[in-house]
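The values are calculated or read from the model by the stated rules, or taken from the named source; none is laboratory data. Note that the structure is predicted; figures quoted are calculated from it, not measured. Note that each Cβ is placed from the backbone with ideal geometry, even for glycine, and that neighbours are counted across all protein chains shown. Protein only, heavy atoms only, side chains kept; ligands, DNA and RNA dropped before computing areas. Shrake-Rupley method; radii C 1.70, N 1.55, O 1.52, S 1.80 Å.
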Amino acid sequence: NEVIIATKNRGKAKDFEALLSPYGIKVLTLYDVAPELEIEETGTTFRENAALKAETVAEKLGKMVIADDSGLAVDALGGKPGVYSARYSGKGATDERNIEKLLAELSGVPDEERTARFVCVLAVAAPGTETRFFEGACEGRILRTPAGENGFGYDPVFYVPMEERTMAQLTPEEKAVVSHRGEAIRSLEEQAGELFGE
Ligand code: ITT
């Protein structure tokens, strides 16, 4: 059993592997199925961008494809960086620079006002069908210094209160249990078990 995830983000791909290997499902990414494809994310919502990615690839391959559009919403920044999380620090953005910018923006914000959440929208597209959406979120707080080596993106500065650690201090299996991506995949699994071949 294989699932195509329309992503070029290796960190995301690893998350999906941790989430789907228990079902015996192999994860294929854009690097495997359409490495030349560059999809411009022109949408202004997670849903629009997830649909754009899933439908573009499903159309091209003639197969069912899942896309993940996700990001970090910080309350003290009015929900930013949101859909722009990957590109927060501008052209040539890296996880390190994005974190640096986030910490700079939040430098004057006291601990109790540093609440944030990760959001994940999955779009499931297949030729000739209506695209379906599944969502997940994970509440936390933005620390002042990064901690942990696992995960990707903003994981080192995202503190998960229930775990009393940052997302980057969790193993991939632990992250799968608490993360926005985990919640979205479980919702997909519950409502569309047939996708995974039961
Ligand atoms: P694809 O479109 O190729 O999937 P992308 O990185 O551009 O890759 P998004 O547009 O959905 O994907 O941006 C998601 C960004 O949100 C990601 O680059 C991180 O900065 C952040 N993010 C999402 N999920 C995260 C997670 O689990 N941990 C840390 N940061 C996350």
**Asked** Is the range 144-161 home to any residue that is among the hydroxyl-bearing types (Ser, Thr, Tyr), modelled with pLDDT of 95 or more and over 16 Å from Ser179 (Cα atoms)?
**Response** yes
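Can you tell me which of Tyr23, Tyr88, Tyr31 is aromatic (Phe, Trp, Tyr), free of Cβ contacts under 8 Å to residues at least 40 places away in the same chain and in contact with a helix residue (DSSP H, G or I) (Cβ under 6 Å, 6 or more places away or on another chain)?
On the way: Tyr23 fails: free of Cβ contacts under 8 Å to residues at least 40 places away in the same chain; Tyr31 fails: in contact with a helix residue (DSSP H, G or I) (Cβ under 6 Å, 6 or more places away or on another chain).
Selected residue: Tyr88, the only one of Tyr23, Tyr88, Tyr31 that is aromatic (Phe, Trp, Tyr), free of Cβ contacts under 8 Å to residues at least 40 places away in the same chain and in contact with a helix residue (DSSP H, G or I) (Cβ under 6 Å, 6 or more places away or on another chain).
For (1) over 25 Å from Glu189 (Cβ atoms); (2) within 11 Å of the ligand (Cβ to nearest atom); (3) touching an Asp or Glu at 6+ places or on another chain (Cβ under 6 Å); (4) of a type in the set (Ser, Thr, Tyr), each residue gets a yes or a no:
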residue	(1), (2), (3), (4)
Pro22	no, no, no, no
Val27	no, no, yes, no
Val33	no, no, no, no
Glu40	yes, yes, no, no
Asn49	no, yes, yes, no
Lys53	no, yes, no, no
Ala67	no, yes, no, no
Ser70	no, yes, no, yes
**Message:** Within the range 62-81, take every residue that is open to solvent by less than 50 Å² (accessible area, probe 1.4 Å) and without any contact (Cβ under 8 Å) to a residue 24 or more places away in the chain and give me the one that is nearest to the chain's Cα centre (by Cα).
**Reply:** Pro81
